[in-house]
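Below is one structure; the comments refer to it alone.
The values are calculated or read from the model by the stated rules, or taken from the named source; none is laboratory data. The structure displayed is predicted, hence computed values, not measured ones. Positions of Cβ are backbone-derived with ideal geometry, glycine not excepted, and every protein chain shown enters the neighbour counts. Accessible surface is based on the protein model in full, side chains and every heavy atom, while ligands, DNA and RNA are left aside. Shrake-Rupley method; radii C 1.70, N 1.55, O 1.52, S 1.80 Å.
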Amino acid sequence: VRYKCGLSCNTIQDVLHQRPNWIEVKDDGEWDFNWCDVGWLRENFDHTYMEEHVRINHFRNHYELTRKNLMVKNLKRYQKQLERDVGRIEASKCDFFPCTFALPSEYHLFVEEFNRNPGSTWIMKPVAKSQGKGIFLFKKLKDIMEWKKVRQIKELVDGSRSEELKDGAQVKSYVAQRYIENPYLISGRKFDLRVYVLVTSYMPLKAWLYRDGFARFSGTRFSLSSIDDKYMHLTNVSIQKTAPDYDHEMGCKWQMQQLRRYLTAKHGREIVETLFKEIDNIFVRSLQSVQKVIINDKHCFELYGYDILLDHNLKPWLIEVNASPSHTPSCQEDYKMKCRLLEDTLNVVDMEGRLTGKEKRVGGYDLMWNDGPVYREDANLQTFGSSGFTANTHLGCVNDREKQLRRLLKPFPYQRKT
């Protein structure tokens, strides 16, 4: 398999380099598999002829889900459609994203909502930036006036207009989102979840959920009395690692299994299983909201990084979806987890042709949706109730991927069986 990799991150480079019988091609060499960044995609996708077997790691208009303003626009549209076609109860299953407005286009609607809830905290985010860049919290409208002035001056001074236009985003596009003021805290600290979902087709929708993931903690105890403290309110590792007391050995993460065990010990299995079902619902509904607008292409797949926040009532909220989730490790354990994730992504994409196409599990991935819900084969009949079968998802459960892969995959042609 001839592969091209446009990312400098050592994790994906290592995984591709160690794959048996995969050879890297440089520059303009012909490739069968391309792990590119979204910039390369934007400039080259439409001019690239791809043979039947070729695969690339983004859908053409992935940004319909991964740009903050478009994600909310598609979710709102999908929710209205559900209410019209099925009813209010079904539409309420999409109540998992905070009240959000696109600025500047929805500024007047935002001001109306802001005035209806005086004293609330809001968060401003650029629509097309990641790693916590450009984000700030505010409680007064005058804080936005200050922001607008500062931005206009900045644009004149450093020409940042051209940079944003290059990003393909509207100039000055931000979202104003109601801040979750009552996050679930562990040891007084806020955290969010990073979960990985792999989509191999949109028509029909085929989505896989990875068993591993992690909780990212802020390094400072949470309080609404100091909304300017980014180390308290933003859990992005890229921000936390600049904190003076950041521990580079340990990082600021818990593996998903550790979090699930903690929550189960504190709240009981039933409550935690309900929580994880609600998280599954977020994945499926958000993908369905863009299913008809994403340009489906059999050459494409996408590994999404979902950011989920839990509130004090254990309600999960979708914060954003990333098209290029960071594979840069924050510690050795993180490196190993990301290597497993990327190896299994390649196993599902299956350039080697070792799968039948009927698998419900490949390594750490479980098939969550295949043109309809996928159910566990081992589900006990007694667990079938009014809610139906048990979904084939195992987020935060044991990831015995090596054992499962040995049973599932034939060895590579020139590898001896051990």
Completion exercise
With DSSP loop assignment and no more than 15 other C-beta atoms within 10 Å, the chymotrypsin sites (Phe, Trp or Tyr not before Pro) in segment 39-134 are Tyr49
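Determine the gain in length on full extension of the stretch Leu314-Thr264; use 0.36 nm per residue of separation and subtract their C-alpha separation, reporting nm with one decimal. Walk me through the intermediate numbers first.
Values: separation 50, 0.36 × 50 = 18.00 nm, distance 1.19 nm.
Result: 16.8 nm gained on full extension.
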Exercise for the section: Name the long-range amide H neighbours of Met368: under 5 Å, sequence gap of 5 or more, or other chain; modelled H, no Pro or chain starts. Expected result: Ala207, Trp208, Leu209
Handout entry: Simple spin-label estimate for Asp14 and Ser105 in nanometres, 7 Å along Cα-Cβ
Key = 4.2
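When you count, for each residue, the other Cβ atoms within 10 Å and take the mean per peptide, how do 297-306, 264-273, 337-346 rank with the highest first? Could you put the intermediate results ahead of the total?
Working: 297-306: 19.6, 264-273: 12.5, 337-346: 21.7.
Highest to lowest by the protection proxy: 337-346, 297-306, 264-273.
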Handout entry: Rounded to the nearest 10 Å², the accessible area of Arg60 at probe 1.4 Å
Key = 50
Practice task
With a point put 7 Å past each Cα toward its Cβ, work out how far Tyr49 is from Phe136 in nm, to one decimal.
Solution key: 5.2
Problem - From phi via Karplus (6.51, -1.76, 1.60), per-residue ³J(HN,Hα) for segment 199-214 in Hz, x at Gly/Pro - result: 10, 9, 6, 9, 10, x, 6, 10, 9, 10, 10, 7, 6, 8, x, 7
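Could you sort out which of Lys125/Lys298; Lys80/Lys206; Lys253/Lys292; Lys338/Lys360 sit more than 26 Å apart by Cα distance in this structure? Write down the numbers at each step before the final one.
Working: Lys125/Lys298 33 Å; Lys80/Lys206 24 Å; Lys253/Lys292 36 Å; Lys338/Lys360 21 Å.
Beyond 26 Å: Lys125/Lys298; Lys253/Lys292.
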Fill in the blank from the handout: Sorted by chain and number, the residues with a modelled amide H under 5 Å from that of Leu103, at a separation of 5 or more or across chains, are Tyr174, Val175, Ala176
Practice task
Take the alpha carbon gyration tensor of segment 1-115, find the square roots of its eigenvalues, order them as a ≥ b ≥ c, and report rounded if a/c is under 1.5; if not, report prolate when a/b exceeds b/c, else oblate.
Solution key: prolate
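Of Lys358, Lys206, which has the most accessible area and how do the rest follow, probe 1.4 Å?
Final ranking, largest accessible area leading: Lys358, Lys206.
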Exercise for the section: Would you kindly find the accessible area of Met351, with a 1.4 Å probe and non-protein molecules such as ligands, DNA and RNA excluded, rounding to the nearest 10 Å²? Expected result: 40
Handout entry: Unit charges at the beta carbon, dipole of segment 1-95: most positive-side option, Leu82, Trp22, Met71
Key = Leu82
Fill in the blank from the handout: So, with points 7 Å from each Cα along the Cβ direction, the Glu112-Lys80 label distance in nm works out to 1.3
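Going by the alpha-carbon gyration tensor, a ≥ b ≥ c the square roots of its eigenvalues, is segment 312-374 rounded (a/c under 1.5) or, if a/c is not under 1.5, prolate (a/b greater than b/c) versus oblate?
Judged from the Cα gyration tensor, segment 312-374 comes out oblate (a/c at least 1.5, b/c at or above a/b).
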